[in-house]
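Read the structure below first, then the notes.
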Amino acid sequence: MQISRPRRNRKNNSIRQMVAEYKVTVDDLIAPLFFTEGKDTKSEILSMPGQYRYSLDHLVKKVKELESLGIKCVSLFPAVDESLKTRDAKESYNPDGLNQRAIKEVKNACPDILVMTDIALDPYSSDGHDGLVSDKGEILNDETLEVLGKMAMAQAQAGSDILGPSDMMDGRIGFIRELIESEGLYNTQIMAYTAKYASSFYGPFRDALDSAPKAGDKKTYQMDYANSTEALRELFLDESEGADIVMVKPGLCYLDIIQKLKMNTTLPVAAYNVSGEYAMVKAAAEKGWIDGEAIMVEMLTGFKRAGADIILSYFSEEFARLEH
Ligand code: PBG
C-alpha cells in the first residue's frame, strides 16, 4: 500500500499554489537601464532585444512607466561618448556629467523610485578597465580607490540611493563607506558586487556601453569562476567594511554562490541576471526553440529559490507586465 504520495500536493493548481515555497514579485526586481546624450532618441541594443540606450527624456519616461508597473528600483548605466573617455576616467565624477544629470532628473521626476548607480571606471576609461591602468598594463588598486571615492561622492550628492561598486578593487567598500559617512551622507546605501566573477556573460553589456577592455581581460580583479570559498572571503570583507546588501554576479551559473552567501550572512542578498543570460533566452525564443516567457519566470524563481532576496534583471519590465 502506498501511503506517501507526493503527487497529492501537486494534484491541481490551487494546491500547488498553496504549497509553493518561493514566488518572485515585482518588489524583488531591479531594472537596469542604459542611457546616453541626445534628445528624443532611443536605440535598441542589438544583442539585447527589447533593451535600449535612452536619451534622458526617454529615460525618465521609462522610469515612470516602470514605477506604474510596481518596480521599486532602477540601476543606471551611462553610455559615455568616446571623446570623453580618458586614461584617468575623470569624467566619472563630473558633477554635470551624463550620469549625475540622469540621477537628478530621475529623482526629480520619480522621488519614490530607488536609484542605484554603478561605481567602476570602465564606461569612462579609454582603456576599458574598471580601474586605472599603469604604463606596464597593471590595474592599480589603491590609486583607483581615490577615483572610485570621487565617483561615489558625485553620485551620492546627485541623489543616488544605492551605490553599486562593481569594480572588484580591494578595500573599496570601506573606502567609499568612510568617505560618504564623513560627508554626512549616512543614508546612502552600498550594494556591494561581492562575488563578481570574470565572465563571458557580460558581452552584450559591453556592446551596449562600448566598454570592452582595449587590452587584456579582467581576471586580475574579477573572481575566477573555478572558486567558491573565495566568495565567503569577499563576503566577510564587504560586511565588515559596511555593505548594506551583497550581490552575486552573474546569476545562472552561480546559484550555488547565491545560496552560500545567503547561508552565511544576515544581509540581504542580490543576484545579477546579466546581459548574456538575457541575450541567450531572447535569441532562442526568437528562433522559436524555447518558450521565452516561461523560461523567464522559471529562471527568476530559480534565483529566489537559491536565496536571492533581490534580482537585477533585464527581464524586470517584462515580468512586471505579466503580473499586471
Ligand atoms: C562594469 C559592469 C559590468 C556589468 C555591470 N557593471 C561589466 C563588466 O564588469 O565588464 C555587467 C552587467 C551585465 O552583463 O549585464 N563594471
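The values are calculated or read from the model by the stated rules, or taken from the named source; none is laboratory data. Please read these numbers as outputs of a predicted model, since none were measured by experiment. Note: ideal-geometry Cβ built from the backbone for every residue, glycine included; neighbour counts use all protein chains shown. Heavy atoms of the whole protein, side chains included, go into the accessibility calculation; ligands, DNA and RNA do not. Shrake-Rupley method; radii C 1.70, N 1.55, O 1.52, S 1.80 Å.
Here are the numbers for this structure:
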| quantity | calculated |
| --- | --- |
| Test: residue in segment 114-132 that is more than 16 Å from the ligand (Cβ to nearest atom), open to solvent by 40 Å² or more (accessible area, probe 1.4 Å), at pLDDT 95 or above and closer than 21 Å to A79 by Cα | yes |
| Segment 229-239, residues that are in contact (Cβ under 8 Å) with a residue 60 or more places away in the chain and surrounded by fewer than 18 Cβ atoms within 10 Å (Cβ to Cβ) | L237 |
| Condition check for K85: of a type in the set (K, R) and out of contact with any Leu (no Cβ under 9 Å at 6 or more places or on another chain) | yes |
| Inter-residue pairs, beta-carbon under 7 Å, first within 13 Å of L312 (Cα to Cα) and surrounded by 19 or more Cβ atoms within 10 Å (Cβ to Cβ) and in segment 251-270, second among the basic types (K, R) and modelled with pLDDT under 95, 6+ apart | none |
| Residues (assigned to a loop (DSSP other than H, G, I, E, B) and within 22 Å of E277 (Cβ to Cβ)) located in segment 229-259 | P250, G251 |
| Residue identified as under 27 Å from P268 (Cβ atoms), within 16 Å of the ligand (Cβ to nearest atom), among the aliphatic types (A, V, I, L, M) and surrounded by fewer than 22 Cβ atoms within 10 Å (Cβ to Cβ) among A192, A154, A198 | A198 |
| Test: residue in segment 284-297 that is charged (D, E, K, R), at pLDDT 95 or above and within 12 Å of the ligand (Cβ to nearest atom) | no |
| Subset of segment 202-228 (residues that are of a type in the set (S, T, Y) and either open to solvent by 30 Å² or more (accessible area, probe 1.4 Å) or in a loop (DSSP other than H, G, I, E, B) (or both)) | S211, T220, Y221, Y225, S228 |
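Conditions tested, residue by residue: (1) within 16 Å of the ligand (Cβ to nearest atom); (2) among the charged types (D, E, K, R); (3) at pLDDT 95 or above.
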{"site": "V246", "(1), (2), (3)": "yes, no, yes"}
{"site": "T266", "(1), (2), (3)": "no, no, yes"}
{"site": "V274", "(1), (2), (3)": "yes, no, yes"}
{"site": "R321", "(1), (2), (3)": "no, yes, yes"}
